[in-house]
Amino acid sequence: GLLVIQALDFLDRFKQAFLVMIFGWITGEQAAMQTQKNPNYQILFHRIMRSFQYISIAKSYG
């Protein structure tokens, strides 16, 4: 129902940021190794992956 609509809206809103983040993650790995490991990438990644889990749950119950 409404939860699925909200989840899909959330997915659309974060799709581009997610792709940019993944690209930045891949290209930034060596830079992160040269400097100190930046935990912000990992925190953001886990938050978004958790959001994707919520979206798939919402789809199955919607």
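The values are calculated or read from the model by the stated rules, or taken from the named source; none is laboratory data. Just so it is clear, the structure is predicted and the values come from calculations on it, not from any experiment. Please note: Cβ atoms are built from the backbone with ideal geometry, for glycine as well, and neighbour counts cover all protein chains shown.
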Out of (1) at pLDDT 75 or above; (2) of a type in the set (Val, Ile, Thr); (3) more than 12 Å from the chain's Cα centre (by Cα), the one ILE26 does not meet is (1)
Output for Cβ contacts, cut-off 8 Å, separation at least six or different chains, first residue under 15 Å from PHE52 (Cβ atoms) in the range 1-28, second of a type in the set (S, T, N, Q) and at pLDDT 75 or above, reads PHE10/SER51; PHE14/SER51
